[in-house]
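One structure is given here, and the rest of the page talks about it.
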Amino acid sequence: MAVHGIRKDLLMTLLALGESQHPNEFIAILREEEGIIEEFDLAPGTRVNEFSASFSHDMMPLDTHVAGSAHSHPNGVLMPSDADLRFFGSVGRYHIIVGPPYTEDAWRCFYPDGTPARLEVVP
């Protein structure tokens, strides 16, 4: 699946979720339709704290439209950690990190290997 964009309202929701959970992280599964990331799911049993967020892979939705993940870095570092890179390979191809100040430009997207990915923000 080739994803080329994310809905602006979804991106703003992810940023608001990051801010509402601060100083803890959050984690979500991203879903796409026709190449656009349209929605997310919060996996049941998610465990979060100031330094990490995780969930049981058994709780992931069984869906061919899983595009990747989104999570926050409350410390503001919008680069994947080693733990993120280990996780990315298990859930889709596109991984968004949001962080303070949780404004429209406070996010980045990455491929599973940590290479930056470009996503167009679409209305």
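The values are calculated or read from the model by the stated rules, or taken from the named source; none is laboratory data. A quick note: this is a predicted structure, and the numbers were derived from the prediction, not measured. Cβ coordinates were reconstructed from backbone atoms using ideal geometry, including for glycine residues, and neighbour counts include every protein chain displayed. Just so you know, the surface numbers come from the protein's heavy atoms only, side chains and all, with ligands and any DNA or RNA stripped out. Shrake-Rupley method; radii C 1.70, N 1.55, O 1.52, S 1.80 Å.
Odds and ends about this structure:
- Count of the stretch 6-46 residues which are small (Gly, Ala, Ser) and open to solvent by 20 Å² or more (accessible area, probe 1.4 Å): 3
- Meets criteria (in contact (Cβ under 8 Å) with a residue 24 or more places away in the chain and of a type in the set (Lys, Arg)) for ARG86: no
- Enumeration of residues in the stretch 80-112 that are open to solvent by 50 Å² or more (accessible area, probe 1.4 Å) and touching a Phe, Trp or Tyr at 6+ places or on another chain (Cβ under 8 Å): ARG93, TYR111
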